[in-house]
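Quick notes on the structure that follows.
The values are calculated or read from the model by the stated rules, or taken from the named source; none is laboratory data. Worth saying up front: this structure is predicted, and the values here are computed from it rather than measured. Reconstructed Cβ throughout: ideal geometry from the backbone, glycine too, with neighbour counts over all protein chains shown.
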Amino acid sequence: MFTYDSLRQNDPSVFQSLQGEMQRQADGVELIASENYVSPAVMEAMGTVFNNKYSEGYPGKRYYGGQEFTDQVESLAIDRAKQLFRCGHANVQPHAGCPANVAMYFALLEPGDCVLGMDLGHGGHLSHGHPVTYLTKIFRFVRYGMKDIETGELDYDAMLETAKKEKPKLVLAGYSAYPREVDYAKMKAIADAVGAYAVMDMAHVAGLIAGGVHKNPFDYGFDVVTTTTHKTLRGPRGGMILSKNEEIGKKIDKSVFPGFQGGPIMQMIAAKAVAFGEALQPEFKEYAAQIVRNSKHLAKYLMDRGAKLITNGTDNHLMLVDCIKSWNIPGGEVEKVLDEVGITLNKNSIPNDQRKPMDPSGIRLGTPAITTRGMRENDMEVLADFMLAAIERRADPTALHALHEEVKTFCRRFPVPGISA
């Protein structure tokens, strides 16, 4: 546990905000699918003197002196990442998932080249070429989506036809709000049919792949995999790019530095090394499996009580709920009322949503963080009952206050790693 004595003395205002956030996390339920809790060891690594060191370049090829220990810790992170995901090359320097994707695009593509990626409305990510991003000014993006929203099956036939017509240089798998698993063999075949790179953005499911409960895209011949290092992987906030071989790896390294970033954030790389070491332990496999068990159980329990889930279930750590069909209220209102009782999730667009992105029809929720706290299948039923009660009693402030106290009492049975509040 951390005391934060220096922070308390030197900046009481920031310390007060930190205390409030620690209390919020301890007393509340975190159902945002992209969030998790790191171990005390990862947290410690993020606050070390590695912060003080500039390390532009790569291990053994730095631009500044004094790199003995930065080289050690980055090499350790690289070796553990390659072991964890069974690949030939790892770049652990990207500051986040979006920079990792940008560096990947510039390593593999030329301006004007085409990318075939998942439609944001069907679960894709902004960095996969949404029109609001700068990437669309440089590359040309075309979309694929689900064939059947009731099952979540992707339309691989339409994907192949689009690929033949548009001739993408890169076929991109991956998502931020898609509850099913991708058929890597079919996507690799589509990429091969048009001579494109096959790339997976596994940011959301990296921990499930590391834990062996989801398939590894490298086993199906994918060329490159990008990811964040938090979410299901339970590491510090950051990014990473993995590849099959050293030739592609060299292109990626040049694209990350000096092509896109300056000095790496060495304390975060140290924390990545710690997190990768944790993910290599046998207990991480059980953790990853429990994430999926909890997610499937929560999805079924909600559906049995009248909630309409996109794809009618989940294969991974997350699910999407159509709040209009479920309760005749928009997702933003559900997010707000659940916040009032200490349950945090996010409003989210659903496929073919008729509402605006800031006022969508759905919500997204996931189980990585609550699984880290030790919650299991029966606890998913308690959480679902809390959620449904809050929605039903949303017009009654007294009832919501009482429910919030019940949520706090429930949460205190499951400590957050590193927080004693």
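Quick notes on this one:
- Residues (of a type in the set (Ser, Thr, Tyr) and either within 28 Å of TYR178 (Cα to Cα) or assigned to a loop (DSSP other than H, G, I, E, B) (or both)) located in segment 23-69: SER34, TYR37, SER39, THR48, TYR54, SER55, TYR63, TYR64
- Scanning segment 288-329 for residues that are hydroxyl-bearing (Ser, Thr, Tyr) and surrounded by fewer than 20 Cβ atoms within 10 Å (Cβ to Cβ) gives a single hit, TYR301.
- Selection count where residues are assigned to a helix (DSSP H, G or I) and either buried (at least 21 other Cβ atoms within 10 Å of the Cβ) or without any contact (Cβ under 8 Å) to a residue 60 or more places away in the chain (or both), scope segment 117-137: 9
- Residue within segment 269-279 that is among the aromatic types (Phe, Trp, Tyr) and farther than 30 Å from GLY66 by Cβ present: no
- Residue within segment 64-87 that is in the same structural domain as THR232 (by TED's automatic domain parsing), of a type in the set (Lys, Arg) and over 27 Å from the mean Cα position of the chain (by Cα) present: no
For (1) touching a residue at least 12 places away in the same chain (Cβ under 8 Å); (2) surrounded by fewer than 24 Cβ atoms within 10 Å (Cβ to Cβ); (3) more than 19 Å from the chain's Cα centre (by Cα), each residue gets a yes or a no:
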site	(1), (2), (3)
TYR175	yes, no, no
ARG180	yes, yes, no
LYS186	yes, yes, yes
ALA193	yes, yes, yes
ALA203	yes, no, no
LEU208	yes, no, no
HIS214	yes, yes, no
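- Scanning segment 139-168 for residues that are more than 25 Å from the chain's Cα centre (by Cα) and either of a type outside the set (Lys, Arg) or under 19 Å from SER127 (Cβ atoms) (or both) yields ASP157, ALA158, LEU160, GLU161, THR162, ALA163, GLU166, PRO168.
- Pick from segment 138-159, criterion among the charged types (D, E, K, R) and assigned to a strand (DSSP E or B), ranking: surrounded by the fewest Cβ atoms within 10 Å (Cβ to Cβ): ASP148
- Any chance CYS114 is more than 19 Å from the chain's Cα centre (by Cα), surrounded by 17 or more Cβ atoms within 10 Å (Cβ to Cβ) and closer than 30 Å to TYR156 by Cα: yes
- A single member of LYS272, LYS285, LYS296, LYS300 is part of a helix (DSSP H, G or I), over 17 Å from LYS82 (Cβ atoms), among the basic types (Lys, Arg) and in contact (Cβ under 8 Å) with a residue 40 or more places away in the chain, and it is LYS285.
- Of the residues in segment 29-49, at least one is crowded, with 17+ Cβ neighbours inside 10 Å, out of contact with any Gly (no Cβ under 8 Å at 6 or more places or on another chain) and over 26 Å from MET266 (Cβ atoms).
- All conditions but one from (1) closer than 30 Å to SER55 by Cβ; (2) modelled with pLDDT under 95 apply to VAL132; the one that does not is (1).
For (1) free of Cβ contacts under 8 Å to residues at least 24 places away in the same chain; (2) not aliphatic (A, V, I, L, M), each residue gets a yes or a no:
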| residue | (1), (2) |
| --- | --- |
| LYS336 | yes, yes |
| PRO351 | no, yes |
| LEU365 | no, no |
| THR371 | no, yes |
| ALA384 | no, no |
| ALA390 | no, no |
| ARG393 | yes, yes |
| ALA399 | yes, no |
| ALA402 | yes, no |
